[in-house]
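The values are calculated or read from the model by the stated rules, or taken from the named source; none is laboratory data. Everything quoted here is computed from the prediction, not taken from an experiment. Here the Cβ is made from the backbone with ideal geometry for all residues, glycine too, and neighbour counts use every protein chain on show. Just the protein is used for accessible areas: all its heavy atoms, side chains included, with ligands, DNA and RNA removed. Shrake-Rupley method; radii C 1.70, N 1.55, O 1.52, S 1.80 Å.
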Amino acid sequence: MLVVAGDPIGIPGGQDQTYPFVAHPHYYWLSGCRRAGGVLAFDPDHGWSDFRNPISQGERVWEGADGEAGGLNVADLKAWLEKRSGRPLAVVGANHPEWKGDELLSQQVCREIQHLRRPKDAGEVALVARAVEASARGYAKLPEWIQPGTSEREIAIRLEAEFFLGGADCTGYGTIVGSGANSAVLHWPASGRRMAAGELVLIDAGGSLDGYTADITRVYPVDGEWSERQRDLHAILLQAQVNALNGCQVGVEWGDLHLNTARELAEGLGALGIMRCSADEAVESEAIALFFPHGLGHMLGLGVRDASGLAPGRHEVRTFAGARLRMDLPLQADYLVTVEPGLYFIPALLNDPKKRAQHQARVNWDQLEPWMELGGMRIEDNVLVTPQGPRNLTAAIPK
Ligand code: GLY
Ligand code: MN
Ligand code: MN
């Protein structure tokens, strides 16, 4: 088996510029090495061999690289493979420009490594906890920074600066700051828009440290005061989020947790006069996905999506209450997941004539107008599943 780190990707037209290099997580997780060009090779009869790209003179001159890369020279991988020719080969991680493995075997091994990476060890949890701590520093300042007239970008810049000052070495993903109607755009990158009194701002951001990241979402009223509609919707969402968080127990099916949350949100929307069918019907007909179109969360740790996906033996991507979940598996001890339900008024969904016709009797369409300008809300925590129950790593950041 070869586990491949990958190579830097050139920026189109950028001459010698590359995107920041991220070693394939399978490789980094197994080797602890974040350097490009490396390959871990495994032979069940001989164990592991660690092939690395030697440090070049260019790296010493331009980047101040020092010492040696360690391990074996990756140029010797060819001879290692030739000695084993004729035997089955799995190649996982990044694509290797030269070596291709047996396709089915490689896919199978890849799924198995993915599954092995799911439970987090104490060192990994400590890294995420440090990323959370750095992020919490920024979140603590948000109420002071969020003011009418402030731009989304100003908030993003200050927040990220605080993450970095707190020890993060990058952000785990593009910082989302969505004010007003932008709060209903699930992955809105902070823009120059200035927020106004009476609006909400949704912030989804996390610092990352040594490749391990936090992923946190909170919603704030721009002038510090919730309107009645905002408060009512937030209360429903928060209750469902807390229930989902408490539901993160060993053995619980993630899909069931999503369905319970969807049902609870549908009930809340019914109480607000937005939906007018039973919660069961809202879930079975998938009408709830008009307002909650994404999954309850995903695995977190080494990267923002970490080792989500399907439990061993599951191959079909299923939808739950109209959402495609990023993971379909039973929770196990030491899994680290995000719990991030949301409720949104998304014009592209709610003004779609086909969806309106399909769910004509399930939604109070003529009552939607005043809700549309509210945008949307999501609340996201990072939760470690333990045999003693869920441990919320982001509990110190007020919701
Ligand atoms: N931060 C993006 C997400 O939670 O999916
Ligand atoms: Mn997330
Ligand atoms: Mn997020």
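At a glance:
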| item | result |
| --- | --- |
| Cβ-Cβ under 6 Å pairs, at least 6 apart or on other chains, segment 229-247 side over 19 Å from residue 394 (Cα atoms), far side assigned to a helix (DSSP H, G or I) | 236/268 |
| Strands (runs of 3 or more DSSP E) completely within segment 165-215 that count 2 or more residues being more than 17 Å from residue 150 (Cβ to Cβ) | 207-209 |
| Segment 304-353, subset small (Gly, Ala, Ser) and more than 22 Å from residue 187 (Cα to Cα), residue most open to solvent (accessible area, probe 1.4 Å) | 313 |
| Checking residue 273 against (1) buried (at least 18 other Cβ atoms within 10 Å of the Cβ); (2) touching a helix residue (DSSP H, G or I) at 6+ places or on another chain (Cβ under 9 Å), the condition it does not meet | (1) |
| Test for residue 289: is it assigned to a loop (DSSP other than H, G, I, E, B), surrounded by 18 or more Cβ atoms within 10 Å (Cβ to Cβ) and among the aliphatic types (A, V, I, L, M) | no |
| Subset of segment 286-343 that is within 15 Å of ligand 1 (Cβ to nearest atom) and in contact with a Cys (Cβ under 7 Å, 6 or more places away or on another chain) - its residue that is farthest from residue 356 (Cα to Cα) | 337 |
| Some residue of segment 349-368 being touching a residue at least 40 places away in the same chain (Cβ under 8 Å), within 16 Å of ligand 2 (Cβ to nearest atom) and of a type in the set (A, V, I, L, M) | no |
| Extreme residue, nearest to the chain's Cα centre (by Cα), among residues of segment 382-399 that are open to solvent by 40 Å² or more (accessible area, probe 1.4 Å) and among the small types (Gly, Ala, Ser) | 395 |
| Among the candidates 145, 188, residue that is aromatic (Phe, Trp, Tyr) and within 16 Å of ligand 2 (Cβ to nearest atom) | 188 |
| Unmet criterion (only one of (1) in contact (Cβ under 8 Å) with a residue 12 or more places away in the chain; (2) closer than 30 Å to residue 121 by Cα) for residue 256 | (1) |
| Single match in 179, 227 (criterion: in contact with a strand residue (DSSP E or B) (Cβ under 7 Å, 6 or more places away or on another chain), among the polar types (S, T, N, Q) and either farther than 28 Å from residue 384 by Cα or within 16 Å of ligand 3 (Cβ to nearest atom) (or both)) | 179 |
| Checklist (1) within 25 Å of residue 213 (Cα to Cα); (2) outside any strand (DSSP E or B) applied to residue 58, failing item | (1) |
| Enumeration of residues in segment 10-24 that are open to solvent by 40 Å² or more (accessible area, probe 1.4 Å) and under 21 Å from the mean Cα position of the chain (by Cα) | 19, 20, 21, 22, 24 |
| Hits in segment 265-309 - residues which are basic (Lys, Arg) and closer than 18 Å to residue 379 by Cα | 305 |
| Pair list, Cβ < 6 Å and 6+ apart or interchain, from segment 99-119 residues that are part of a helix (DSSP H, G or I) to residues that are open to solvent by 70 Å² or more (accessible area, probe 1.4 Å) | 105/88; 115/312 |
| Of residues in segment 195-218 being within 26 Å of residue 232 (Cβ to Cβ) and among the charged types (D, E, K, R), the one nearest to ligand 3 (Cβ to nearest atom) | 204 |
